[in-house]
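The values are calculated or read from the model by the stated rules, or taken from the named source; none is laboratory data. Please read these numbers as outputs of a predicted model, since none were measured by experiment. When we count neighbours, we look across all protein chains shown, and the Cβ atoms used for this are built from the backbone with ideal geometry, even at glycine. These accessible areas exclude ligands, DNA and RNA; they are computed on the full protein's heavy atoms, side chains included. Shrake-Rupley method; radii C 1.70, N 1.55, O 1.52, S 1.80 Å.
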Amino acid sequence: MGSCDMLEFSPNDHRVPEDERDLTAKNLERLRQTPLPPGDTLRFVFTGDSQRFYDEADDLVASVNQQPGISFFVVAGDISDFGFAKEMRWVNEKLRKLKVPYVTVIGNHDAVGNGREAYKHIFGPLNYSFVYGDTKFILVDTNGREYNFDGHIPNMPWVNQQLGDLQGARRQVVISHVPPQDEDFDPGVRNAYAQSLREARNLVFEMNGHRHSFSIGQPYNDGVWYVNSDAFSERRYMIVTVWGDKQFRIKQIKF
């Protein structure tokens, strides 16, 4: 019986064509091909929670493609709603139309069911880092509830190792999905995570999705800025500008 790839025997099947595998590595390679000279101001787009907001994704991409001087685009988790590979593929179909590369971090919705395996197959590692220009970006899985608050998420030995090695960068940015002040963050790891950020050298800010609404503040009154993004559904995204040691500016864009 032929199906021309239309027969789906399981919603948890995460097999995809080669050009839809390892998207994080492929996008980072694209980014490496347009290096940012040392000392130059960095501008990138930050947003989160694409989930089932596909019409909004079309409009968001059209808007971002009109913005000058953007180096790359970040989605702070919940690419999917139910952890299905087909959802991740649908979002990639939209985001691959961006003029700039994009990177993601895993969200709690991406981690349900077979979602972690689908995410790793389609995007790549759950924890990874890269240096671009003068900035080291550290992207970390903070979806503690999806691990039954077992005390291992976020992976603090890995986080501390990454924070302790700037790899030649001038500053660093941490990006995750669930913010530490949220009830879905493992309470047994919260203090250690916040302390590590507090002690990090040249940390500009920590960025999250999950809450579907923009906010910026210092919830622990310790000098660490936490930035939370709107979801695609809110039809707003941020242009983030970073320069100097820890200087930054955030501009919200409606689309």
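Show the residue pairs that are 6+ apart or on different chains and have beta-carbon atoms under 7 Å apart, the first residue being within region 30-44 and open to solvent by 70 Å² or more (accessible area, probe 1.4 Å), the second being of a type in the set (D, E, K, R) and part of a loop (DSSP other than H, G, I, E, B).
Filtered contacts from region 30-44: Pro38/Asp134.
What is the one condition in (1) among the aliphatic types (A, V, I, L, M); (2) open to solvent by 60 Å² or more (accessible area, probe 1.4 Å); (3) assigned to a loop (DSSP other than H, G, I, E, B) that Ile216 does not satisfy?
Among (1) among the aliphatic types (A, V, I, L, M); (2) open to solvent by 60 Å² or more (accessible area, probe 1.4 Å); (3) assigned to a loop (DSSP other than H, G, I, E, B), Ile216 violates only (3).
Quick one: is Asp59 closer than 28 Å to Lys254 by Cβ and assigned to a helix (DSSP H, G or I)? Break it down into steps so the answer makes sense when it comes.
Details: closer than 28 Å to Lys254 by Cβ: yes; assigned to a helix (DSSP H, G or I): yes.
Spelling it out, Asp59 is indeed closer than 28 Å to Lys254 by Cβ and assigned to a helix (DSSP H, G or I).
Test Arg201 against the stated conditions and say whether it is in contact with a strand residue (DSSP E or B) (Cβ under 8 Å, 6 or more places away or on another chain) and at pLDDT below 95.
Details: in contact with a strand residue (DSSP E or B) (Cβ under 8 Å, 6 or more places away or on another chain): yes; at pLDDT below 95: yes.
Yes, satisfied.
Per-residue answers, yes or no, for (1) among the basic types (Lys, Arg); (2) at pLDDT 95 or above:
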| position | (1), (2) |
| --- | --- |
| Leu7 | no, no |
| Arg15 | yes, no |
| Leu23 | no, yes |
| Arg32 | yes, yes |
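Please report, ordered by residue number, the strands (runs of 3 or more DSSP E) entirely within region 104-208 with at least 1 residues that are open to solvent by 10 Å² or more (accessible area, probe 1.4 Å) and in contact (Cβ under 8 Å) with a residue 60 or more places away in the chain. Show your work before the answer.
On the way: elements: 128-132, 135-139, 171-175, 203-208.
Output list reads 128-132.
If you go through region 62-92, how many residues are open to solvent by 10 Å² or more (accessible area, probe 1.4 Å), farther than 15 Å from Tyr237 by Cβ and outside any loop (DSSP other than H, G, I, E, B)?
3
Give the residues of region 134-151 that are over 16 Å from His177 (Cα atoms) and more than 18 Å from the chain's Cα centre (by Cα), sorted by residue number. Working first, answer last.
Looking only at region 134-151, we keep the residues that are over 16 Å from His177 (Cα atoms), and these are 134-136, 148, 150-151.
Within region 134-151, Asp134, Asn148, Asp150, Gly151 qualify.
For region 237-255, enumerate the residues that are touching a residue at least 60 places away in the same chain (Cβ under 8 Å), open to solvent by 50 Å² or more (accessible area, probe 1.4 Å) and part of a strand (DSSP E or B).
If the condition is that a residue be touching a residue at least 60 places away in the same chain (Cβ under 8 Å), open to solvent by 50 Å² or more (accessible area, probe 1.4 Å) and part of a strand (DSSP E or B), then Trp243 is the only one that fits.
Cβ-Cβ under 7 Å, sequence separation 6+ or interchain: first residue in region 63-76 and in contact (Cβ under 8 Å) with a residue 40 or more places away in the chain, partner basic (Lys, Arg). Which pairs?
Listed by first residue and then by second, the contacts come to Ile70/Arg43; Ser71/Arg43.
Arg211 - would you say it is at pLDDT below 95 and assigned to a loop (DSSP other than H, G, I, E, B)?
On the way: at pLDDT below 95: no; assigned to a loop (DSSP other than H, G, I, E, B): yes.
It is false that Arg211 is at pLDDT below 95 and assigned to a loop (DSSP other than H, G, I, E, B).
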